[in-house]
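Heads up: the structure comes next, in structure tokens.
Read-outs throughout are calculated quantities, based only on the coordinates presented, and are distinct from any laboratory measurement. These numbers come from a predicted model, not from an experiment. All Cβ positions, glycine included, derive from the backbone under ideal geometry; neighbour counts span all protein chains shown.
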Amino acid sequence: MSEGIVIVMIGVSTLLGALGLIGLLWGIKTGQFDDQSKFIDGARFDGEDALRDAVMMEEKKRKRQEKKKKDEKAYGPPD
Amino acid sequence: MITEEHHGQTLHFCCRGCQGVYHLLEDEGLGNFYEKLGDTKLNPPSAQQGDLEKFDLEGFEKRYVTVHDDGLHEINLIIEGIHCSACVWLNEKVLHKLEGVMEATINYTNNKAKVIWDPEEVKLSKIIETIRSIGYNAYPYDPKLQEERAVKTRKSYYMRILVAVFGSMNIMWLAVAHYAGYFGGIEQSFKDILNVAEFILATPVLFYSGWIFFRGAFYGYKNKTVNMDTLVASGALSAYLYSIYAMVTQRGEVYFDSVTMIITFVLVGKYLEVLSKKHAVDTLDHIIGSTPTEVTTIKESVKSLVSIDNVIIGDIIELKPGERVVIDGILTRGAASFDESSLTGESEPVYKEQGDEILSGSICLDSTIHYEATKDASSSLLTSIAHLLEESITKKPRIEQLANTISGYFSTVILIIALLTFAGWFYATGDFEQALIIGISVIVIACPCALGLATPMASLVGISMSAKRNILFKEATFLETMAKSRLLALDKTGTITEGRPSVLTEKILEPFDFNLLYALVNTSSHPVSKGILSRLKSKHKKLQNYELEDIKTIQAKGVKASFQGKKLTGGNASFMHSAGIVVEEQSEHTLFYFAIDDRLVARYELSDTIKEEAKEAIRMIKQMGIRVVMLTGDHEQSAKKVADAIGISEYYARLLPDEKAKKIDELHQAGEIVVMAGDGINDTIALASSDIAIAMGNGADVAISVSDVVLLDESPMSLYESYRLSRRTFQAVKENLTFSLLYNVIAVPLAVAGFVNPLVAALSMSLSSLVVVGNSMRIKTLKFKKEK
């Protein structure tokens, strides 16, 4: 067995393990494990309805930003 | 049952509330909520509360609402009434549909919601109203409070542990190859590969996971103390540096495996401590958090909500049933019973009428009254208690821990020995490199797991043992402090006694329908009624709650009602007299009479009973050589009675909250380490100034948050058990320390003499740790008398 093979074996296995670890840490950091039932509920209630809901919320945010821009323009100096 | 025709369907509702919710959902197009519900049963929505305007007040906004840079507002709410995922779905959906709400997420596990909204489009009160309109209730909480902070530290520790475990597990299997190579022979080139791989794995463990120890060591350095963290940090770091040196020069053996092992083990121990760590300062948030920010004042017969800071002396304040008093004053109109348990510890309500003083911290129980403010918010009793508490928390004595002291001296001694060894070898041989290796090896072999693990391991077993017995130690060091204590101070009400009246004797003069009495006492929230209620529930299986009519509660006297033409009367002797009923009233306990149509049918004798096993527990605690003292806010007579009954010879009665704390301080000055057990807000100052504070599981929140130990089952026997456990754990700590010091007495001279070959090091390191772990496990064999 040559050194090269040992290096590859150790390297690949450690890297794979590290990837898993990083994934787990990322999940914890972004709060994906804070609510145990969220995953399951997400799957249960997934559907057109949830999509429409998400679109509606996006629309709301966009509208607000547009409105804000308009307001700023109204008060700002004329171009 | 209400029936209704709707789109050709017949619908059945249990009440108007549910009908309202159904139509609301139908109109919003959210009808499929009922399909999502599945088999879950819902409770009818509760009646609307009329306190919505308070959500838009400035004081409220300042406290709970965070304003984003772009003008959006954010609040954290706790939603009440969520019992399934459909509820989460419904709430989120309804909020999403509300104009102006930008984001609404609800956590099903803890029922907490984060809502972001545009204040220009919708008011907070509208949001709360919407949640209430579908039958849930929402109230705000302050995310800066302890819980959130605790969750954050816990998360950070958890991530560090994951990295540490990953690193050490992988290094383990590399180390196996390493050791095999040591015995069976290995080429240097393969050894190098293993060394580098171990180096790569150990680095994040030492610097990411071990960061906590470096930080601790740094704080220790700033405060000029050498602590456990210093030892772990310096040990792990020097082993790490030595190993890098060995790796680069290809001389000697590397110790990356022991670096990660030390960090991982001690970190896990620390994590378990953090799991229940307390934050003293948060107590104050808690007290202040539970007080209202506004009161209703009446000026020229106009009611208005005013922030408590704006109330001036002489203002007339209206107090509704269930509200907490925040400003001291004198009652001017009406009469009501007050729950002063947070001040005196006694659960019996105090009846107050015109001209009586009203103390902040008490709760108005049964009717609406007006009173005149005699102090402003900042000088009221509640605020001054909060200030006292703040003071005593910051002054809380800290007993120096044995393990810390020893490891402090030990670290210093080892560092000096290592330096001397280096100097000696350099002087004797003139070989700088060899002298350095031997010098570092002294630190490496001395630092190791045994001493680092001595305390955490034993505390860990001790804490988990006590947790199994419903005793929660918030920090591991408390076990040690408690083990050293020789004095136990006890509160009476709620600690030794049940804290609420229960029925002693029941005398049935004429047979009657118990359901009548059940229905009658059910209408009142007075402790005596509750005592009778629990007696009825325990004696009779099937009780029916009749619909009573003309229910009248007469303050501090009793309850009157009628049922199907029968006149029901229940209350104390003077209440019976006023109804023209003759009763015998010879008793030292509280009496309750029940009459039907003015004929006396039953008589109950109630008293605050002493908890089961209290006497036995006190006797056993005394047997351990501990002095027991009772401190109570109750009067002399009842204090003496309880003290005699359970065998306490030393007691102090009629103590106000701050006097209790003074007593504790006196005991401190006499050189005692004081353990104090209590449950109420009136005990908090005393709890905060004692060395170890023990709170009862369902005591006041404040008491629990200042305490170091919580007894979940509230039994006096747990007091005894916690003493036993802490002493046993402390004994194990001492044994562990002695062993690891002995180990060092043998190993260090060998290292100084330059005999440390890797075999000795590896074997002795793991062996010494195993001995410490094994010895700590012996705590589990501790037997309590009651067990079979």
Which pairs, out of B:662/B:780; B:112/B:530; B:468/B:663; B:222/B:662; A:67/B:93; B:222/B:474, put more than 30 Å between their alpha-carbon atoms?
-> B:662/B:780; B:112/B:530; B:468/B:663; B:222/B:662
Taking R0 as 35 Å and r as the Cβ-Cβ distance between residue B:187 and residue B:738, the FRET efficiency 1/(1 + (r/R0)^6), rounded to the nearest 0.05, comes to 0.20
Taking a crude spin-label model, label points 7 Å out from Cα along the C-beta direction, the residue B:434 to residue B:203 distance in nm is 3.3 nm
Cβ-derived FRET efficiency at R0 25 Å, residue B:116 paired with residue B:309, nearest 0.05 = 0.30
If the chain between residue B:356 and residue B:538 were fully stretched, how many nm would it gain, using 0.36 nm times the residue separation less the Cα-Cα distance?
-> 61.7 nm
Just report the Cα centroid separation between segment B:198-213 and segment B:406-445, whole Å.
-> 24 Å
Amide H of residue B:674: which non-local residues (sequence gap of 5 or more, or other chain) have their own amide H closer than 5 Å, using H built in the peptide plane?
-> B:691, B:692
Non-local amide H neighbours of residue B:121 (under 5 Å, H modeled in plane, Pro and chain starts lacking H): which ones?
-> none
Okay, which of segment B:579-601 sit inside 19 Å, backbone N to the point 7 Å along the Cα-Cβ direction of residue B:515?
-> B:595-597
Two-site label geometry, residue B:413 and residue B:158: point separation in nm, points 7 Å out along Cα→Cβ | 4.1 nm
For labels at residue A:54 and residue B:574 in the simple 7 Å Cα→Cβ model, what's the distance in nm?
-> 6.9 nm
Using the beta-carbon distance between residue B:504 and residue B:652 and R0 = 22 Å, what value does 1/(1 + (r/R0)^6) give for FRET efficiency, to the nearest 0.05?
-> 0.25
